[in-house]
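The block underneath contains the structure these notes are about, expressed in structure tokens.
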Amino acid sequence: MESGFIARASSARLETQKREMLYGTAYAGFPEQIRGGRTSENSAERTRPMPDEQARTGDSNLLVVEPDALTRWSLETYLRQWFTVHLADGLETARHLLDRYDFRAVVLSGDLPASELQEIETLARRRNPHVRLIRTVSGPLAEETPQTDEVLIEKPFRLTQLADLLNADRHQGPRTKPPASHR
């Protein structure tokens, strides 16, 4: 494991921290759970605290199911200005969260196994028939076959594209537009 120091990234207000090379990717200045450590029993499931009833049924709940920790962190950091973002790294955590909360939308990574994608979509629709399903895909969109009510977005994508698909500008959140660094 290679170590070194890098300067902080001003847009994310990250302090100068030790850089670790994990699986060929530098995770510098990110929360401990992204760098590979665990800050709780299940670090993939992290939400901002809210009163129980509002958290369970609020239309600001968004579920992001993404196996890559850095991508989860990026999506949560950007989208939390409009939504209460719940994070899952796979089926087990997603199932737990879908049993506990009503979600306005679910963002699913196309990198998950097809059977897991289908089960998460089924559980989300069972809990909320009007849930918006957005799947991120790594290959060409022409190779994917979305279900009628599912939206596909090809990786890499701009965070503003995802925010537009989620109608974030119409959602009442702490800010009405994204920070300049993400436009």
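Show me, for the stretch 117-122, the HN-Hα J-couplings you get by feeding each phi into the Karplus relation (A = 6.51, B = -1.76, C = 1.60, θ = phi - 60°), rounded to Hz, glycine and proline as x.
Result, ordered by residue: 4, 5, 5, 5, 4, 4 Hz.
Sticking with the crude label model, points 7 Å out along Cα→Cβ, report the distance from residue 150 to residue 70 in nm, one decimal please.
Result: 2.6 nm between the two label points.
Report ³J(HN,Hα) in whole Hz for each residue of the stretch 155-161, in order, from the Karplus equation J = 6.51 cos²θ - 1.76 cosθ + 1.60 where θ = phi - 60°; Gly and Pro get x.
7, x, 10, 7, 4, 5, 4
Once phi is turned into θ = phi - 60°, what whole-Hz ³J(HN,Hα) does the Karplus curve with 6.51, -1.76 and 1.60 give for every residue of the stretch 77-90, x standing for Gly and Pro?
Once θ is set to phi - 60°, the couplings for the stretch 77-90 become 4, 6, 7, 5, 5, 10, 10, 8, 8, 10, 10, 9, 9, x Hz.
Scan around residue 137 for amide H atoms under 5 Å from its own, H built in the peptide plane at 1.01 Å from N, and keep only partners 5 or more places away or cross-chain.
Under 5 Å from the amide H of residue 137 lie the amide H atoms of 110, 153, 154, 155, each far enough along the sequence or on another chain.
Amide H of residue 105: which non-local residues (sequence gap of 5 or more, or other chain) have their own amide H closer than 5 Å, using H built in the peptide plane?
63, 132
Bear in mind that the values in this text are calculations on the coordinates, not laboratory data. From a predicted model like this one, the values you see are computed outputs, not experimental measurements. Note that we place each Cβ from the backbone using ideal geometry, even for glycine, and neighbour counts take in every protein chain shown.
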